[in-house]
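Contents: one structure, followed by commentary.
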Amino acid sequence: MPSYSYRCSEGCRFDALYPMAEVPQETDCRVCGARARRSVTAPHLSRTGSSAFQLMDRSARSASEPEVVSSLPSSGAPRQRTTSNPLHAKLPRP
Ligand SMILES: [Zn+2]
């Protein structure tokens with residue numbers, strides 16, 4: 001998620017993180033609470049390369065685009081028997 005620069009009517013400057021599709025033109029100032037307008041700057045995309053931002057992006061993305069797995073985590077391991085009673089083997093299987 002890129003961060004965007006805002007400047008409020010009292011002159012405070014701050015950065016806020018928003019998804020590109022949801023970046024508001026106005027928000028409340030983080031310092032004084034006045035209305036703050038988005039400054040015209042390029043999004044700070046260079047900060048998205050850090051591992052913390054990659055983790056946040058990956059977590060947010062997994063809600064709408066879950067990664068596809070081709071096998072179960074326990075594939076290849078022998079299946080564990082859940083009981084040792086030989087009579088249970090005669091029970092019908094689903
Ligand atoms: Zn302010």
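All of the numbers you see were taken from the coordinates with simple rules; none came from a lab. Computed from a predicted model, the values in this text were never measured in an experiment. With ideal geometry, Cβ positions are generated from the backbone for all residues, glycine too; neighbour counts draw on all protein chains shown.
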With no solvent and one point on each alpha carbon, what is the Debye value of log10 I(q)/I(0) for the stretch 3-61 at q = 0.16, 0.19, 0.24 Å⁻¹? -0.54, -0.71, -0.95
Pop a pseudo-label 7 angstrom from the Cα along the beta-carbon direction at both ALA89 and VAL68 and give the gap in nm to one decimal. 4.1 nm
Under a point spin-label approximation (7 Å from Cα along Cα-to-Cβ), what is the ASP57-ARG30 distance to one decimal in nm? 2.0 nm
